[in-house]
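Here the structure is laid out as C-alpha cells; the discussion comes afterwards.
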Amino acid sequence: MLIVDPSMPRAIVQERLDAIFRSMERAHFTDARHAVLFKPGRYDLDVNIGFFTQVAGLGALPGDVVIDGHVHAEADWAKGVALVNFWRSVENLEIRPKDGSDRWAVSQAAPYRRIHLRGDLVLDDGGWSSGGFMADCRIDGVVRSGTQQQWFTRNSTIRAWSGANWNMMFMGTAGAPATSFPDPPYTNIPTVSRMRDKPFLHVAAAGDWQVFVPAVRREAEGASWATGLPSGRSIPLSRFFIARPGMSALQINAALRRGLHLLLTPGIYSIDRPLRIDRANTIVLGLGLATLLAKGGSKVLTVADVPGVVVAGLLIDAGEILSPVLMEIGPRGSRRDHRADPISLSDIFFRVGGANIGNATTCLEINSHHVIGDHLWIWRADHGDRASGRVHVGWSESTGDQGLVVNGDDVTLCALFVEHFQKYQTLWNGERGRTYFYQNELPYDPPSQAAYMAGTTRGWAAYKVADHVDDHQAIAMGVYANFTADPTIVLESAIEAPDKPGVSFANITTISLGGGKGTIAHIVNAAGAAARPGAIKQILVRYPVP
C-alpha cells in the first residue's frame, strides 16, 4: 500500500507511481497487488494504472482529492488492444486533465467508480476493448466508447455519450442516450430500483480513518454524492480487523467472531477453511484486489442468512483441488426476508484457472433472498500466462461447471459478466430475479459436440432459468460463441427459460466470433435466428416475441 499525503514532494510521489506502473503494466498474472491511496488534498501527477492496482481518494467526497493530470488506463503494452486490460480500479477522485480528456481503456473487472472527471473520457485505445463498468460518476465532458464491445453505466451524470457496438446499457444516468436497441444498441432505464453503492475508506477532518457504508437507495437517479455526502454510516477503522497476507483463515475468523468487520490489505490469502460472516451488518472490504485463494477444496467465504452484510472489492481464485462452491451467500434453504436491509456484493471477481490450476463446480451460489449484486465478473480462464509457460487452461485441466447459481428469491444483479464455464454459465432457480446487463462468452475449448451436450440438447445455455420459475426478467444481454477447439459445435439456445407470462427478456445479441467459430442456433428457446458462419450477429428485441 502506498499512502500519499499532499506534503510529500511531487517528484518522489511521481517516481513511486511510475515504478508501480512499470512493474504492473504487463503483469497479467502476477501475485503482486497494489493500493495507492491519496489523502485529501490537491496533486499535480500523472497516474497510469496497470494490472492489480487500485487507485482511490481518501476523501468523504470525490472533490476532496483532486488530481491535476491524468488518472488513466492505456493499452500501449498490447499495441492498443485492451481486450485483456483486466483487474484494476479507480475510485473516489476528482480528475482535472490539463488537456481536457482522459482515457480508461479496459475490459472486464476494471471499475470506474465515484469519479468527477472535468473533461471527456475515452474508453478505448484504438484496438478492440471489451468492458466495462462505470458507476456513481460525473463526467463533465463526452464519454467516447470507441471500440468497446459493451459497457454498463449506472447512477451517473454525463454531458453526452458517443459510440456503440454490441450492447450499451445505462441506468439512472442523466445525459445518456435513450433506448434505441438495436440501432444503435442502447438500453436506457431511468432509475435503479434498489442499490447500495460500494463502501470506501476515508480520512475524516479530524484525521481518524473510517469506512463509509452507503445506505440502500431506491429508484435512484444520478450520483449518490451529487448534493453532498449520501445517506449511510461511517465505521471507525478501529472496529475492523486489518488482515495482511500470510494471516490464516483461522486468525481472520477469530476476529470476525469477536464482532469485528474485515479489511483485507493487498496480497494473496491462502484460505483452507471458509471465512465465515455470521453477524448481521458485517462489512468485508478488500483493497488493491486482495485475493482469496482456495486451498484443499475449501469454500473461500460464506455469509449466513443475516441482513445487511456487505462484501466488496475481492478477487477469488479456485485452487487445484476441486471446490464445490467458492463463495456462498446464505446456506441452502435460506428463508429470511431481507428486503429492508439486503446483503450486497460489489466488485467481486472470480477466476478458475489462468493464474494457477483451478477447479470449482460453482463459483458463486446465492441462496439468501433480496441480495443485490453490483458488478460481478465470474471467469473460467480462456488464456493464461503464456510468457512464463504457466497457461493453466484446458477442458480437463481447469474445470468449472457453473459460474453463478441463484437459488434465492428477489435477487437483483447489475452488470453481470460470466464466461467460459463448461455447463450452464448462469443457472437461476429463484423467483422474481432481475438482471440488468449480462455479458457472456461461451467456453472456447469444448473438444467436440459430444463433449458439450446437456443430455440430448446441443450445448449448455449461457443463461438458464429453471422450468419451475414463474417470474423473471433480464434486459441488455450479449452471448458470444468462439468454439476455437471445434468450430462445428452448435449451442441450441443462448437462453433457456420457461414460457410463462412473468418470464421475459429484452435487447439480446448473439455473435459467432472469429468470423463464425461455432453456431448459436437460437437466442431464447426456439426464437431468434442462428448466429453462424455467414450470419455472425443476430438480435432479438423482446421475448416472448409479440
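Condition first: β-branched (Val, Ile, Thr) and surrounded by fewer than 19 Cβ atoms within 10 Å (Cβ to Cβ). Can you find one or more residues in the range 133-143 that meet it?
yes
List the strands (runs of 3 or more DSSP E) inside the range 110-182, counting only whole elements, that have at least 1 residues being among the hydroxyl-bearing types (Ser, Thr, Tyr) and within 19 Å of TRP377 (Cβ to Cβ).
Per the criteria, 112-117, 150-154.
Do you know which of the residues in the range 193-220 that are in a strand (DSSP E or B) and over 23 Å from the mean Cα position of the chain (by Cα) is surrounded by the most Cβ atoms within 10 Å (Cβ to Cβ)?
Among residues in the range 193-220 that are in a strand (DSSP E or B) and over 23 Å from the mean Cα position of the chain (by Cα), the one surrounded by the most Cβ atoms within 10 Å (Cβ to Cβ) is VAL203.
Return yes when VAL122 is of a type outside the set (D, E, K, R), farther than 19 Å from ASP76 by Cβ, touching a Lys or Arg at 6+ places or on another chain (Cβ under 7 Å) and modelled with pLDDT of 95 or more and no when it is not.
no
A quick yes/no check of all residues on (1) on the phi < 0 side of the Ramachandran plot; (2) among the charged types (D, E, K, R); (3) part of a strand (DSSP E or B):
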residue	(1), (2), (3)
SER493	yes, no, yes
ASP499	yes, yes, no
THR509	yes, no, yes
GLY516	no, no, no
ILE523	yes, no, yes
VAL541	yes, no, yes
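Confirm whether VAL311 is touching a residue at least 24 places away in the same chain (Cβ under 8 Å) and closer than 16 Å to GLY373 by Cα.
yes
How do the strands (runs of 3 or more DSSP E) wholly within the range 251-365 filter down when requiring 2 or more residues that are within 17 Å of the chain's Cα centre (by Cα) and either closer than 25 Å to GLY131 by Cβ or outside the structural domain of CYS414 (by TED's automatic domain parsing) (or both): which remain?
283-286, 291-294, 310-317, 323-329, 344-352
Just to verify a result, which residue in the range 419-460, among those that are of a type in the set (Gly, Ala, Ser) and closer than 20 Å to PRO498 by Cα, is surrounded by the fewest Cβ atoms within 10 Å (Cβ to Cβ)?
If we take residues in the range 419-460 being of a type in the set (Gly, Ala, Ser) and closer than 20 Å to PRO498 by Cα, then GLY455 is surrounded by the fewest Cβ atoms within 10 Å (Cβ to Cβ).
When you scan the range 366-389, how many residues do you find that are modelled with pLDDT of 95 or more and either touching a helix residue (DSSP H, G or I) at 6+ places or on another chain (Cβ under 7 Å) or in a strand (DSSP E or B) (or both)?
Going through the range 366-389 one residue at a time, the tally reaches 10.
Based on what the data block shows, is ARG258 touching a Phe, Trp or Tyr at 6+ places or on another chain (Cβ under 9 Å) and loosely packed, with under 15 Cβ neighbours inside 10 Å?
Criteria met by ARG258.
Between ASP347, ASP337, ASP341, which is buried (at least 24 other Cβ atoms within 10 Å of the Cβ) and either of a type in the set (D, E, K, R) or at pLDDT below 95 (or both)?
Exactly one of ASP347, ASP337, ASP341 is buried (at least 24 other Cβ atoms within 10 Å of the Cβ) and either of a type in the set (D, E, K, R) or at pLDDT below 95 (or both), namely ASP347.
Might you check whether a residue that is touching a residue at least 60 places away in the same chain (Cβ under 8 Å) and under 17 Å from the mean Cα position of the chain (by Cα) occurs anywhere in the range 98-108?
yes
So that you can scan it fast, the table gives a plain yes or no per residue for (1) assigned by TED's automatic domain parsing to the domain that holds PRO446; (2) surrounded by 16 or more Cβ atoms within 10 Å (Cβ to Cβ); (3) within 19 Å of GLN449 (Cα to Cα):
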| site | (1), (2), (3) |
| --- | --- |
| ALA462 | yes, yes, yes |
| PHE483 | yes, yes, yes |
| LEU491 | yes, yes, yes |
| GLU496 | yes, yes, yes |
| SER504 | yes, yes, no |
| ASN507 | yes, yes, no |
| LEU513 | yes, yes, yes |
| ILE520 | yes, yes, yes |
| PRO533 | yes, no, yes |
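Mind checking which residues of the range 256-305 are free of Cβ contacts under 8 Å to residues at least 24 places away in the same chain and among the aliphatic types (A, V, I, L, M)?
LEU260, LEU262
Does ALA450 satisfy the criteria of being touching a His at 6+ places or on another chain (Cβ under 9 Å), farther than 13 Å from ILE366 by Cβ and either hydrophobic (A, V, I, L, M, F, W, C) or not in a strand (DSSP E or B) (or both)?
No, not satisfied.
So if I check each of PHE51, PHE29, which one is in contact with a Gly (Cβ under 8 Å, 6 or more places away or on another chain) and over 21 Å from CYS137 (Cβ atoms)?
After applying the criteria, what remains is PHE29.
Results for (1) under 17 Å from the mean Cα position of the chain (by Cα); (2) farther than 24 Å from ASP374 by Cα; (3) at pLDDT below 95; (4) of a type in the set (Asp, Glu), shown as yes or no for each residue.
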{"site": "VAL418", "(1), (2), (3), (4)": "yes, no, no, no"}
{"site": "PHE421", "(1), (2), (3), (4)": "yes, no, no, no"}
{"site": "TYR438", "(1), (2), (3), (4)": "yes, no, no, no"}
{"site": "PRO446", "(1), (2), (3), (4)": "no, yes, no, no"}
{"site": "GLY459", "(1), (2), (3), (4)": "no, yes, no, no"}
{"site": "LYS464", "(1), (2), (3), (4)": "no, no, no, no"}
{"site": "VAL469", "(1), (2), (3), (4)": "no, no, no, no"}
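The values are calculated or read from the model by the stated rules, or taken from the named source; none is laboratory data. Here the structure is a predicted model, which means the values were calculated and not measured. Because the Cβ atoms are built from the backbone with ideal geometry, glycine has one as well, and the counts that use them run over all protein chains shown.
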